[in-house]
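The values are calculated or read from the model by the stated rules, or taken from the named source; none is laboratory data. Remember, it's a predicted structure, so these values are computed and weren't measured experimentally. Because the Cβ atoms are built from the backbone with ideal geometry, glycine has one as well, and the counts that use them run over all protein chains shown. For accessibility, only protein heavy atoms count, side chains too; no ligands or nucleic acids. Shrake-Rupley method; radii C 1.70, N 1.55, O 1.52, S 1.80 Å.
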Amino acid sequence: MGAAGRDFHNFNVVFRDDPGYEVIAFTAAQIPNIEGRNYPPNLAGTLYPQGIPIYPEAELESLIERHRVDQVVFSYSDIPHEHVMHAASRAIAGGADFRLLGARATMLQASKPVVSVCAVRTGCGKSPAALKIAAILRDEGLRVGVVRHPMPYGDLSRQAAQRFATIEDLAKSDCTIEEMEEYEPHIRNGGIVYAGVDYARVLARAEAESDIILWDGGNNDIPFFVPDLEIVILDPHRAGHELSYFPGEVNFLRADVFILNKLDSASADQVEAVRRNIHAFNPAARVIDAAMPVSLENPAQVLGKRVLVIEDGPTLTHGGMGFGAGVLAATKFGARELVDPRPFAVGSIKETFAKYPHIERLLPAMGYGPAQMRELEETIENTICDLVVIATPVDLRRIIRIRHPTCRVTYELQEIGRPTLREVVRDFVAGMKKDG
């Protein structure tokens, strides 16, 4: 059971070459249009010359019955604990065992040191943290290989092991908006990004060109590589979620360093609730306090305007947030009204609003492929507003046509007090060099 990422990795490292198992199928959830494909033979290995089909998760029970399935392996992220047990109940009711794979079984050992940057939920501010850590490591004179959690939404065979060093590389690979949001900021900061489907091959490619590996995690998944330093981002806007979402709680319990983020916008009660959980469940971890202030390229544009806010898609969908940096910026700089895009939505964008009813007066930047990008563009075009406020990690104006006046939101991680991120990373690098 997966979402085109962790499921493929679990198959590759645990099941692919083991004749004691016959993998019948993958099921797909969370991400639009990832079912109905085939995990290709060149990735599936010699035991699967026809590849492996990918079905919608709704067909789980019929697959168990039809193939007399013995085991169901849950393999995707940012799921409430209760939801995981509902999935377990479905599998067990059908007669199968339900299984979760652990770190020892699924983490690859790298030949270079690994710093991992993960989170307890989608949308905690992991990307700005990873960008800052990569810059600090480069300042230490290290060649940094940024390995991103998988987002293989296209041709899986072509995406087996990817390397992105230029913006042109993104276009050549037909990257989705979601991929560009994660890869482009690193590239613009002088980094090289590695990603794909087969992470043994991805790792080998990164190791050949790097002194250190920076694992840039996705959702709230755990790393694919054995980390030497585990940095985990916490979001007090969702206080308590660090203990109630899978596998975010795993990251919470494993962390060497926490970044307690968004202290500039969360309430004192929310922050204190997270601090109590740190003290109770992982008191040995170092804690970096941080803010994520927002800024606008032209704040005067927003004052008194009716604005359409476009936020990072995954943060709103399976991340469960009802607002993001765009709403914070529009409110801060005096927008008269946040325009509701739902009456203007078309196609899969309209379906997204139906699936995630907590999303109201803002638009998630959904772009899992060319068709959805066109529907996003049409939804924006249809929306009656004075201004479009773009709060996505990548500048949407470079990817889709927006006829309305626009203003872009930017945000970055800022530490409060000590320890700082630079101090923590330098301590790690010093220890690494001392150990050879």
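Things to note:
- Rounded to two decimals, the Cα-based Rg/Rh of segment 73-119, with Kirkwood Rh, is 1.12.
- Candidate residues Ser210, Ser157: accessible-area rank, largest first, probe 1.4 Å: Ser157, Ser210
- Computed over neighbours whose Cβ is under 12 Å from that of Arg336, the net charge equals 0, Lys and Arg +1, Asp and Glu -1.
- Gyration tensor verdict on segment 106-145 (Cα atoms; rounded if a/c is under 1.5, prolate if a/b is larger than b/c, oblate otherwise): oblate
- Helix-only mean residue ellipticity at 222 nm for the chain, each DSSP H run of n ≥ 4 adding -39500 (n - 2.57), per residue, nearest 500: -9500 deg cm²/dmol
- With Cα atoms as the point set, the radius of gyration and Dmax of segment 316-406 evaluate to 12.3, 34 Å.
- Here the label points at Lys332 and Lys434, each 7 Å from Cα along the C-beta direction, are separated by 3.9 nm in the simple model.
- Relative contact order of segment 82-219, pairs being alpha-carbon contacts under 8 Å that are 6 or more residues apart, as %: 39 percent
- Shape call, segment 193-319: gyration tensor on alpha carbons, a/c limit 1.5: oblate
- Relative contact order [Cα under 8 Å, 6+ residues apart], segment 205-278, whole percent: 33 percent
- Using Cβ point charges alone (K and R +1, D and E -1), the dipole size of the chain about the Cα centre works out to roughly 600 debye.
- Label positions at Met85 and Ala284, each projected 7 Å from the Cα along the C-beta direction, are separated by 2.8 nm.
- Looking at the chain, the accessible area is 40 square angstrom per residue; that uses a 1.4 Å probe and ignores ligands, DNA and RNA.
- In sequence order, calculated HN-Hα J values of segment 32-38 (Karplus, 6.51, -1.76, 1.60; Hz; x Gly/Pro): x, 6, 9, 8, x, 9, 10
- In this view, the solvent-accessible surface of His241, computed with a 1.4 Å probe and all protein chains in place, comes to about 50 Å².
- Computed from the Cα positions only, the extents of segment 40-142 along the three principal axes stand at 56, 37, 24 Å, in decreasing order.
- Length added when fully stretched, Ala58-Asp70, from 0.36 nm per residue minus Cα-Cα: 2.5 nm
- Sequence-ordered 3J(HN,Hα) estimates for segment 221-226 from the Karplus curve with 6.51, -1.76 and 1.60 and θ = phi - 60° stand at 6, 7, x, 8, 10, 5 Hz, glycine and proline given as x.
- Each of Pro357, Pro53, Leu303 was placed along the dipole of the chain (beta-carbon charges, centred on the mean Cα), and the one lying farthest toward the positive end is Leu303.
- Residue-level accessible surface for Leu303, protein heavy atoms, 1.4 Å, Å²: 120 Å²
- Label sites at Lys172 and Thr420, each approximated as a point 7 angstrom past Cα along Cα to Cβ, lie 3.8 nm apart.
- Around Leu253: net Lys/Arg minus Asp/Glu count, Cβ-Cβ under 11 Å: -2
- Note on Cα Rg over 2.2 N^0.38 Å: of the candidates (i) 1.01; (ii) 1.06; (iii) 0.96, the value calculated from this structure sits at (iii).
- Percent accessible area from carbon and sulfur atoms, the chain, protein chains only, probe 1.4 Å: 50 percent
- Prolate/oblate/rounded label for segment 103-242 (Cα gyration tensor, a/c 1.5): rounded
- Beta bridges from DSSP with both residues in segment 21-158: antiparallel share about 20 percent, rounded to the nearest 5.
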